[in-house]
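Structure provided below as structure tokens; questions to follow.
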Amino acid sequence: MKTKKIVYSLFLFLFITCSVLSQESAVNQEAKTTKSNAGGPATSKELVGFWKMIPLPNKELNKVNPWPLPYQWFQFTEKGKLYSMMLSDSKEYSSSELAATFKVLPKNTTPNYKVQGQFVIIDNPNTKNYREIWGTNIFAKDIDGVAKTGDLIMTLDDGTNTGKVIYYRLLRRVK
């Protein structure tokens, strides 16, 4: 058990270090999107679909929680829209149920996203100068006690272009 905690701690340290270093590069520059055997940045094609937030094994990573409800679902569309839903109760939804839910939301007020290299940039048409910068990684293999192959981790930049990560979100594809 102690060995597992050490391995887990080392993994988190390496992941956080990689996330911070990757977010330090300028978002406006073309970032490399190469993948390793452990994973790599998400492409636009890989993002499209429905995702459910999975609890992080180490909740202390998130010192800031801009979205406090514990159960969250997302849809990245091919047309660059990002729909989301948050609840205080746990429920299981299929992709068809989420599609029906998100279909009734107005497109003109729904946030937009675009992929720039290893980053996802989100803007909100209702809020002037609103911008979120997320680093992404899709896991290419299972990480015991943390993530499964195909899971997406997103790291939110603090908005100061310093590479400081303030929030981690782990997502699993909904089928």
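So which chymotrypsin sites (Phe, Trp or Tyr not before Pro) in segment 92-175 pass both tests, a DSSP loop state and at most 13 other Cβ atoms within 10 Å of the Cβ?
Tyr130
Which of the pairs Lys103/Lys148; Lys91/Lys128; Lys45/Lys148 have their Cα atoms more than 27 Å apart in this structure?
Lys103/Lys148; Lys91/Lys128
All of the numbers you see were taken from the coordinates with simple rules; none came from a lab. These figures come from a predicted structure and were not determined experimentally. Ideal geometry is used to build each Cβ from the backbone, glycine not excepted, and the neighbour counts take in all protein chains shown.
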